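Chemist: Structure in structure tokens, see below.
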Amino acid sequence: MNRTRKLLFGEAIVAAGHVERNIVERALEIQRERDAIGESHKLLGLIMLEMGAISNEQLIATLKFMQRTSRSVPKVTGT
């Protein structure tokens, strides 16, 4: 059975060439820290925007990229 999943924002912004993977990892770390202390969940793109890692234009371009590639990507499953 071929399972698929949606493209994640972090994957899309790296694929679009706006940031390197280490920026996504740092933003994910901030997101987890916020969640752990009970702050409201913040979307990854907004965290990157606040970090100064991306511009508004890059955020919008990535969201448009995700919409254009809305077909699902293969899901990696363990054996």
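The values are calculated or read from the model by the stated rules, or taken from the named source; none is laboratory data. It should be emphasised that the depicted structure is a prediction, and the values quoted were computed from it without experimental measurement. Note that we place each Cβ from the backbone using ideal geometry, even for glycine, and neighbour counts take in every protein chain shown.
Chemist: For segment 37-56, which residues satisfy the criterion of being assigned to a helix (DSSP H, G or I) and more than 18 Å from Gly17 (Cα to Cα)?
Modeler: Once the filter is applied, which keeps residues that are assigned to a helix (DSSP H, G or I) and more than 18 Å from Gly17 (Cα to Cα), segment 37-56 yields only Glu50.
Chemist: Quickly run through segment 1-34 and pick out the residues that are over 11 Å from the mean Cα position of the chain (by Cα), at pLDDT below 95 and not in a loop (DSSP other than H, G, I, E, B).
Modeler: Matches in segment 1-34: Thr4, Arg5.
Residue-wise test of (1) closer than 21 Å to Gln67 by Cα; (2) loosely packed, with under 14 Cβ neighbours inside 10 Å; (3) of a type in the set (S, T, N, Q); (4) without any contact (Cβ under 8 Å) to a residue 40 or more places away in the chain.
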{"position": "Ala12", "(1), (2), (3), (4)": "yes, no, no, no"}
{"position": "Val19", "(1), (2), (3), (4)": "yes, no, no, yes"}
{"position": "Glu29", "(1), (2), (3), (4)": "no, yes, no, yes"}
{"position": "Gly38", "(1), (2), (3), (4)": "no, yes, no, yes"}
{"position": "Glu50", "(1), (2), (3), (4)": "no, yes, no, yes"}
{"position": "Ser55", "(1), (2), (3), (4)": "yes, yes, yes, yes"}
